[in-house]
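Reviewing the structure listed below.
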Ligand code: ADP
């Protein structure tokens with residue numbers, strides 16, 4: 001009988017500009033590792049990281065709770081979380097714990113769920129951090145690659161990214177508010193102009209086409225959002241300068257990663273990625289903000305470490 005399962009899940013970027021709440025891309029920048037062990041009863045969380053340990057307020061805890069209830073699992077579960085993804089920076093940290101946990105519960109109790117169901121359970125855990133269920137980060141973290149999330153009913157489409165796609169991520173060293181995702185959802189406009197909708201829709205469409213055609217340049221130059229990014233950019237110190245610098249250094253497109261405050265620049269293997277990173281750092285420095293930059297590529301999804 002399986003008594004412990006270890007699953008690793010990658011960081012991810014949501015939105016990719018115009019694909020707000022719809023697009024996600026798994027990134028090999030960071031990983032979370034979750035170990036699940038069967039116990040007699042209840043749900044306990046152990047971690048050395050600064051995240052909630054009450055199962056109700058931890059994305060992994062909520063996933064276990066929801067899956068236990070759905071499949072009428074009477075045994076208890078201990079969840080050990082080792083965080084590699086900084087929490088609250090728009091790198092899909094809370095989602096990766098949820099994604100790894102959904103996959104681990106599936107293995108531990110031999111549920112044999114399909115990808116869509118795993119994403120659905122992982123997404124239910126996001127309520128613990130964001131206050132609402134959303135699937136873009138968890139879908140990328142569970143399945144890997146580029147994902148499109150259609151809701152009502154949930155249908156997730158995965159596309160294998162082009163091999164030469166590269167990203168530069170910058171994580172600024174600033175204090176993020178607790179429940180940041182909830183705060184940054186609050187600034188999004190309730191109504192949009194039709195011209196803006198058309199522009200975003202056309203860019204979102206060419207992002208999808210770029211992934212299908214394996215054309216990284218098409219993806220990069222379509223990372224353009226005139227609806228959500230303008231409403232959120234004031235929350236990121238020096239954002240306009242960061243973006244301008246990165247584009248000048250050869251980035252194809254630059255936007256906020258998820259709900260921020262991390263910024264992501266899209267490029268290809270043949271771009272000068274170090275030049276783009278240092279241009280981004282200089283942009284943040286112009287607003288007296290330090291940042292950590294990481295050059296990364298698309299990642300595969302959550303993996304059982306014992307397989
Ligand atoms: P992120 O982009 O990092 O997921 P969010 O603001 O959506 O950012 O989530 C981070 C918040 O979620 C933090 O306040 C953190 O305390 C809370 N949280 C709950 N469970 C977890 C978890 N397992 N991993 C990371 N953060 C978690």
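Take residue 101 and decide whether it is in contact with a strand residue (DSSP E or B) (Cβ under 9 Å, 6 or more places away or on another chain) and either in contact (Cβ under 8 Å) with a residue 24 or more places away in the chain or farther than 25 Å from residue 155 by Cβ (or both). It is true that residue 101 is in contact with a strand residue (DSSP E or B) (Cβ under 9 Å, 6 or more places away or on another chain) and either in contact (Cβ under 8 Å) with a residue 24 or more places away in the chain or farther than 25 Å from residue 155 by Cβ (or both).
Find the residue count for segment 61-79, including only residues that are under 13 Å from residue 108 (Cβ atoms) and within 16 Å of the ligand (Cβ to nearest atom).
Step one: filter segment 61-79 for residues under 13 Å from residue 108 (Cβ atoms), giving 63-64, 67-68, 71, 73, 75-79.
Add one more test, that the residue is within 16 Å of the ligand (Cβ to nearest atom), and what stays is 63-64, 67, 77-79.
Summing the residues that are under 13 Å from residue 108 (Cβ atoms) and within 16 Å of the ligand (Cβ to nearest atom) in segment 61-79 gives 6.
Out of 95, 87, 100, one residue alone is closer than 22 Å to residue 263 by Cβ and not in a loop (DSSP other than H, G, I, E, B). It is 95. Assessment of segment 211-220 against the conditions (in contact with a helix residue (DSSP H, G or I) (Cβ under 7 Å, 6 or more places away or on another chain) and within 16 Å of the ligand (Cβ to nearest atom)) yields no matching residue. Every condition in (1) under 15 Å from residue 101 (Cα atoms); (2) assigned to a strand (DSSP E or B); (3) touching a helix residue (DSSP H, G or I) at 6+ places or on another chain (Cβ under 7 Å) is met by residue 44 except one, and the failing one is (3). Answer with yes or no whether residue 256 is more than 20 Å from residue 29 (Cβ to Cβ) and under 21 Å from the mean Cα position of the chain (by Cα). For residue 256, the condition - more than 20 Å from residue 29 (Cβ to Cβ) and under 21 Å from the mean Cα position of the chain (by Cα) - is not met. Being more than 6 Å from the ligand (Cβ to nearest atom), over 8 Å from the mean Cα position of the chain (by Cα) and surrounded by 19 or more Cβ atoms within 10 Å (Cβ to Cβ) is the filter here, so list the residues in segment 84-96 that pass it. Scanning segment 84-96 gives a single hit, 85.
Among strands (runs of 3 or more DSSP E) entirely within segment 200-307, having at least 2 residues that are surrounded by fewer than 22 Cβ atoms within 10 Å (Cβ to Cβ) and touching a strand residue (DSSP E or B) at 6+ places or on another chain (Cβ under 8 Å) singles out 291-296. Taken together, 156, 176, 138 contain a single residue that is touching a residue at least 24 places away in the same chain (Cβ under 8 Å), within 16 Å of the ligand (Cβ to nearest atom) and buried (at least 23 other Cβ atoms within 10 Å of the Cβ), which is 138.
Just to be sure before I move on: is residue 111 within 17 Å of residue 125 (Cβ to Cβ), outside any helix (DSSP H, G or I) and either away from the ligand (no atom under 13 Å from the Cβ) or within 19 Å of the chain's Cα centre (by Cα) (or both) in the structure I sent?
Numbers: within 17 Å of residue 125 (Cβ to Cβ): yes; outside any helix (DSSP H, G or I): yes; either away from the ligand (no atom under 13 Å from the Cβ) or within 19 Å of the chain's Cα centre (by Cα) (or both): yes.
So residue 111 fits the description; yes.
Here residue 123 clears all of (1) surrounded by 24 or more Cβ atoms within 10 Å (Cβ to Cβ); (2) touching a residue at least 60 places away in the same chain (Cβ under 8 Å); (3) farther than 20 Å from residue 261 by Cβ; (4) within 14 Å of the ligand (Cβ to nearest atom) except the condition numbered (2).
If you scan segment 181-195, which residues turn out to be out of contact with any helix residue (DSSP H, G or I) (no Cβ under 9 Å at 6 or more places or on another chain) and either surrounded by 13 or more Cβ atoms within 10 Å (Cβ to Cβ) or farther than 24 Å from residue 59 by Cβ (or both)? Passing the criteria: 190, 191, 193, 194, 195.
Working only within segment 32-43, note down all residues that are surrounded by 15 or more Cβ atoms within 10 Å (Cβ to Cβ) and more than 8 Å from the ligand (Cβ to nearest atom). Matches in segment 32-43: 33, 34, 35, 36, 37, 38, 43.
The rows are residues; the columns are (1) under 16 Å from residue 100 (Cα atoms); (2) touching a strand residue (DSSP E or B) at 6+ places or on another chain (Cβ under 6 Å); (3) part of a strand (DSSP E or B).
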residue: 37; (1), (2), (3): yes, yes, yes
residue: 53; (1), (2), (3): no, yes, no
residue: 61; (1), (2), (3): yes, yes, no
residue: 66; (1), (2), (3): yes, no, no
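Flag set for residue 31, criterion: at pLDDT 95 or above, within 25 Å of residue 264 (Cβ to Cβ) and not in a loop (DSSP other than H, G, I, E, B). Whenever a residue of segment 61-82 is in contact (Cβ under 8 Å) with a residue 24 or more places away in the chain and under 25 Å from residue 48 (Cβ atoms), its partners that are away from the ligand (no atom under 16 Å from the Cβ) and part of a loop (DSSP other than H, G, I, E, B), lying with C-beta atoms within less than 6 angstrom and at least six residues away or across chains, give the pairs 76/40; 76/41; 76/42.
The values are calculated or read from the model by the stated rules, or taken from the named source; none is laboratory data. Owing to the predicted nature of the structure, the values given are computational and were not obtained by experimental measurement. Note: ideal-geometry Cβ built from the backbone for every residue, glycine included; neighbour counts use all protein chains shown.
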